[in-house]
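Since every read-out is calculated from the coordinates, none of them should be taken as a lab result. Since the structure is predicted, the reported quantities are computational estimates derived from the model, not experimental observations. Using ideal geometry, Cβ is built from the backbone for each residue, glycine included, and neighbour counts are taken over all protein chains shown.
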Amino acid sequence: MPLEFSAQSKLQIERLRSRYPTNQAALLPVLHLAQDEFGSLPDEALDLVAKTLELPAAHVFGVVTFYTMFHREPHGANELMVCTNVSCMLRGGYDILHHIEKTLGVKAGETTADGAFSLVEEECLAACANAPMMICGNEYFLDLTPDKVDRALDELRKRYDERKRVAAPAGRKT
């Protein structure tokens, strides 16, 4: 069965299309919407976006594979993007990245077995004055130390566990 956008997403896509001068200009927000709805952007999702926006599939594929915020495979519920560019590197960015790898038991580019975290090494996240830093969703974690990382991971884990608990069917424990 081919992928289809939900009715809510179709309405949102129409609103997006009305805000942009061309369908191509609406591509990035529509890709974000598709990734949110489907969890990742496999070929079927790219074909759906291309068809919906009447764009060449090759163009959509090129955009998705250019930007690191788009994922062709499922990612963890919490995507940790750790900066290792010059400012962060000079202030311990690699130490922070390695601490997270050790704590979570995954390397950069991997996802924890339970799907709670994906770890991504990023070139620059534009918070150089507060290096080292990482982003998870819309949340910035600045001036990181191993202790700050541990507290952030604990809080993100609690939120993940709570979302899982709330989403579990009645009578079933996770």
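May I ask which residue of 119, 74, 167 lies farthest towards the positive end of the charge dipole of segment 47-174, with charges of +1 (Lys, Arg) and -1 (Asp, Glu) on Cβ and the Cα centre as origin?
167
Only Lys, Arg, Asp and Glu count, each charged at its Cβ (+1, +1, -1, -1), so figure out the dipole size of the chain about its Cα centre, rounded to 20 debye.
With Lys and Arg at +1 and Asp and Glu at -1, about 520 debye.
Starting from a Cα-only point model with no solvent, please compute log10 I(q)/I(0) by Debye for segment 19-106 at q = 0.14, 0.20 1/Å.
These q points yield log10 I(q)/I(0) values of -0.62, -0.89.
Name the residue farthest towards the positive end of the dipole of the chain from the options 89, 24, 62, assuming +1 on Cβ of Lys and Arg, -1 on Cβ of Asp and Glu, about the Cα centre.
Going by the charge dipole, the pick is 24.
Over all Cα pairs of segment 30-174, how is the pair count split among 5 Å bins, expressed in % and running from 0 up to the last occupied bin?
Per 5 Å bin, starting at 0, the Cα pair percentages come out as 2, 9, 17, 18, 16, 14, 12, 7, 4, 1, 0.
What is the magnitude of the charge dipole of segment 7-66 about its Cα centre, with +1 placed on the Cβ of each Lys and Arg, -1 on the Cβ of each Asp and Glu, and no other charges, expressed in debye to the nearest 20?
300 debye
How large is log10 of I(q)/I(0) for segment 7-66 at q = 0.13 Å⁻¹ when the intensity is taken from the Debye formula with one equal scatterer per alpha-carbon?
After summing over all Cα pairs, the log10 values are -0.27.
Considering the chain as a Gaussian network with a 10 Å cut-off on Cα pairs, which listed residue, 161, 47, 143, attains the greatest mean-square fluctuation?
Of the options given, 161 has the highest mean-square fluctuation.
Just add up the charged neighbours of residue 162: K/R +1, D/E -1, any other residue whose Cβ is under 13 Å from the Cβ of residue 162.
Spelling it out: positives minus negatives among the neighbours equals +3.
Kindly state, to the nearest 0.05, the FRET efficiency for residue 57 paired with residue 140, given R0 = 41 Å and r defined as their beta-carbon distance.
It comes out at approximately 0.75.
To the nearest 20 Debye, how big is the dipole of segment 17-104 about its Cα centre, given +1 on the beta carbon of each Lys and Arg and -1 on that of each Asp and Glu?
Computed charge dipole of segment 17-104: roughly 320 debye.
Taking θ as phi - 60°, what are the ³J(HN,Hα) couplings along segment 97-106 by the Karplus curve (6.51, -1.76, 1.60), each to the nearest whole Hz, with x for Gly and Pro?
Along segment 97-106, the couplings run 4, 5, 5, 5, 4, 5, 5, 8, x, 9 Hz.
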